[in-house]
Amino acid sequence: MKILLCVDGSSHSDRATQHVIATTKDCEDREIFLVNVQPPIDAPEVRSHMTASEIEAMQETRGGDALASARALLDAAGVRYTPVVLLGPIAETLVEFAREHGCEKIVMGTRGLGALGSALLGSVSQDVLRLSHLPVTLVK
């Protein structure tokens, strides 16, 4: 079973990670893709002071940081996974990754970090539900 586990470093994504651990503990053939997507940065004030490669490196670092708590939970449970940081429009990038990698389902939290993050991930989860033909599990 191939599972796309979407995380953003929030407590909601930690609960989604714990859900995947609990519901797949007896599944020997599970393959988990632990994914964080960093949205494009188009702000002129950032682009005027940083090169495209510097911005991409910053986003890769932020994505790695967002994976940290889920990685710790999966490591503690002895669950193998593939960590991935992607750049692009969040929902579209998640759905495309799932399709390209033959995932059978998508698991994600329902809210993100802070007020802006909550609004963003709320809309992201809705967009993933709308765009994906796969089963999507949303964890509160």
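The values are calculated or read from the model by the stated rules, or taken from the named source; none is laboratory data. Quick caveat: nothing in here was measured; it's all calculated off a predicted structure. Glycine also receives a Cβ, built like all others from the backbone with ideal geometry; neighbour counts cover every protein chain displayed.
Values as computed for the structure displayed
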item: Given (1) out of contact with any helix residue (DSSP H, G or I) (no Cβ under 7 Å at 6 or more places or on another chain); (2) at pLDDT 95 or above, index of the condition VAL85 fails; result: (1)
item: Restricting the range 88-120 to residues that are under 11 Å from the mean Cα position of the chain (by Cα) and farther than 29 Å from ASP26 by Cβ, the residue that is modelled with the highest pLDDT; result: THR93
item: Residue count for the range 56-114, restricted to those that are within 12 Å of ILE3 (Cβ to Cβ) and of a type in the set (A, V, I, L, M); result: 6
item: Residue check, GLY63 more than 20 Å from LEU134 (Cα to Cα) and surrounded by 19 or more Cβ atoms within 10 Å (Cβ to Cβ); result: yes
item: Top-ranked residue in the range 72-87 [being farther than 16 Å from THR24 by Cβ and over 10 Å from the mean Cα position of the chain (by Cα); ranked as surrounded by the fewest Cβ atoms within 10 Å (Cβ to Cβ)]; result: ALA72
